[in-house]
Amino acid sequence: MIRFERFTLANGFNVIVHEDDSSPLVALNVLFRAGSIYDPPGRSGLAHLFEHLMFSGTEQVPDYDVPVQMAGGENNAFTNADFASYFCYSPRQNLETLLWLEADRLEALQVSEKSLAIQKQVVIEEYFETCLNIPFGDVWHHILPAVYNGHPYHWPTIGRNEREIGSISLEDVNKFSRQYYHPGNSIISLAGNVKADEALRLIEKWFGEVQHGGERAAPLPYDFLEYKSEHLEISQGVPAKTFYMIFPMSARTDANYYVFDLISDILASGRSALLFSTLIKDKALLSQVDAYITGTNESGLFVIEGQLLPGVEFNQVYPIVWDEVGKIQNGFVDKTLFEKLINTVETNLAISESSVLHKVMSLAYFEALGDADLINTEIDRYKQVTVDDLRQTLQKYINPGRCTTLEYHPA
């Protein structure tokens, strides 16, 4: 059980504090509901670019990293479709340094035309390096618009293309900051060797005067039941024929999320999993195979992907994939296998929450989903899944009529 206390500052900051006196460290996470779904039209990539700009410096702190390192700390950040998250940790005696730095850049960030131009070029280079210059790097640029047509999930977080990233202006940046980087749209989580009352006092000292600025960003629901499947083929300089089978799934907070997650484990987690055993070990049709979920807030994706061995055709593989999926519906998952599966999930969850950094990030994430106590009840939600739930979900959602396929053919 991870115990925590919840506070709300007068200006709207939602604060979560977890005491852990077994650690010499403290960890801080400031999360904003400011993911790429809030990019304005024609400016995809703005949320991710703004994450880069948060390290532009202020009048007091021209280089954010220097005082963090002087305090013996580390820091990083990420942006996804739903959130932007900034996290750091240090020895407990330097907690106030971390709080000062985060509050300072939230209030006094200095973004000039020059720094914006530099960071746009950095992001564009990242776009080329990770999306265009490596095999399969552009996969989500094809999958997302096919599945999420008309919804802001349909562009990747890094941006749709070089033109849209390059067109972002200083006015766009300032407007985005005002709309989404304010107390009413954020969560501060703190974990480590500090008492809750002392943590609250310091958080109020440094964040209490930040201007409220606005309200929480509204969710943007996606109706995954109205989805229409597609078949896509791409001829490109890839090392082998590769397929992706994509199925829209329920929202992150829906009970079915846990069903989809368990199905992906049965299909592809470990060498004894169904797809690995049959397609790689027994029939030698694939060199690699995987099944996973994306877990975005409003509707995630269930994905099966595989890379074909030389001489193998796609139409040899798809029927076998469906046969393996069918085994789950036809009694493959017995009580013993299901208990093993749940035990593995429980172990992985326990390991993932073993450090103060993981705990502080999970607390902020779950609070953003609706309740930080999900950190303690996640395993119960997995344990509530039944074998019948697996069968019903497969029948209803993971079937050929709801499958978008993407095939890469070596050019």
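The values are calculated or read from the model by the stated rules, or taken from the named source; none is laboratory data. Values in this document were obtained by computation on a predicted structure and should not be read as measured data. Cβ: placed from backbone, ideal geometry, glycine included. Neighbour counts: every protein chain shown.
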*Here are some residues: SER362, SER354. Which one is of a type in the set (Gly, Ala, Ser) and surrounded by 21 or more Cβ atoms within 10 Å (Cβ to Cβ)?*
SER362
_Condition first: over 13 Å from the mean Cα position of the chain (by Cα) and either of a type in the set (Ser, Thr, Tyr) or crowded, with 17+ Cβ neighbours inside 10 Å (or both). Now tell me which residues in region 77-91 satisfy that._
TYR86, PHE87, CYS88, TYR89, SER90
*Check off (1) surrounded by fewer than 19 Cβ atoms within 10 Å (Cβ to Cβ); (2) in contact with a Phe, Trp or Tyr (Cβ under 9 Å, 6 or more places away or on another chain) for ALA117 and give me the number that stays unchecked.*
(2)
_Among (1) out of contact with any Asp or Glu (no Cβ under 7 Å at 6 or more places or on another chain); (2) among the polar types (S, T, N, Q); (3) outside any helix (DSSP H, G or I), the one test that SER44 misses_ = (1)
*Taking ILE158 as the residue in question, decide whether it is at pLDDT 95 or above, more than 30 Å from PRO24 (Cα to Cα) and either part of a helix (DSSP H, G or I) or of a type in the set (Ser, Thr, Tyr) (or both).*
no
*Number of positions in region 230-263 that are within 22 Å of PRO135 (Cα to Cα) and either assigned to a strand (DSSP E or B) or assigned by TED's automatic domain parsing to the domain that holds TYR148 (or both)*: 11
*Select from region 275-307 the residues that are free of Cβ contacts under 8 Å to residues at least 24 places away in the same chain and more than 28 Å from the chain's Cα centre (by Cα) and list them in ascending order.*
SER277, ILE280, LYS281, ASP282
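Pick from GLN395, GLN384, GLN316: which is out of contact with any helix residue (DSSP H, G or I) (no Cβ under 9 Å at 6 or more places or on another chain) and surrounded by fewer than 15 Cβ atoms within 10 Å (Cβ to Cβ)?
Working: GLN395 fails: out of contact with any helix residue (DSSP H, G or I) (no Cβ under 9 Å at 6 or more places or on another chain); GLN384 fails: out of contact with any helix residue (DSSP H, G or I) (no Cβ under 9 Å at 6 or more places or on another chain).
From the options GLN395, GLN384, GLN316, the qualifying one is GLN316.
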_Within region 120-138, considering residues that are surrounded by fewer than 19 Cβ atoms within 10 Å (Cβ to Cβ) and part of a helix (DSSP H, G or I), the one modelled with the lowest pLDDT_ = LEU132
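Quick grid of which residues meet (1) surrounded by 15 or more Cβ atoms within 10 Å (Cβ to Cβ); (2) within 22 Å of TYR153 (Cα to Cα):
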site: TYR244; (1), (2): yes, yes
site: ARG271; (1), (2): no, no
site: LEU285; (1), (2): yes, no
site: ILE320; (1), (2): yes, no
site: LEU337; (1), (2): no, no
_Search result, residues across region 290-302 that are part of a strand (DSSP E or B), surrounded by fewer than 23 Cβ atoms within 10 Å (Cβ to Cβ) and not charged (D, E, K, R)_ = TYR292, ILE293
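To keep it simple, each residue is scored yes or no on (1) part of a loop (DSSP other than H, G, I, E, B); (2) buried (at least 20 other Cβ atoms within 10 Å of the Cβ); (3) within 23 Å of the chain's Cα centre (by Cα); (4) at positive phi.
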{"residue": "ARG6", "(1), (2), (3), (4)": "no, no, no, no"}
{"residue": "ASN11", "(1), (2), (3), (4)": "yes, no, no, no"}
{"residue": "VAL15", "(1), (2), (3), (4)": "no, yes, yes, no"}
{"residue": "ASN29", "(1), (2), (3), (4)": "no, yes, yes, no"}
{"residue": "HIS48", "(1), (2), (3), (4)": "no, yes, yes, no"}
*Considering each residue of region 173-207, count those that are surrounded by fewer than 16 Cβ atoms within 10 Å (Cβ to Cβ) and not in a helix (DSSP H, G or I), and give that number.*
1
*Examine region 123-132 for a residue that is closer than 19 Å to PHE302 by Cβ and within 20 Å of the chain's Cα centre (by Cα), and state whether such a residue exists.*
no
*asked:* Condition (residue is among the hydrophobic types (A, V, I, L, M, F, W, C), surrounded by fewer than 16 Cβ atoms within 10 Å (Cβ to Cβ) and at pLDDT 95 or above) applied to region 20-27: is it met by at least one residue?
replied: no
_Unique residue being at pLDDT 95 or above, under 30 Å from ALA411 (Cβ atoms) and of a type outside the set (Ser, Thr, Tyr) when the list is ILE263, ILE234_ = ILE234
*Would you pick out the residues in region 99-117 that are closer than 18 Å to ALA199 by Cβ, out of contact with any Asp or Glu (no Cβ under 9 Å at 6 or more places or on another chain) and either hydrophobic (A, V, I, L, M, F, W, C) or outside the structural domain of LEU190 (by TED's automatic domain parsing) (or both)?*
LEU99, TRP100, LEU101, LEU106
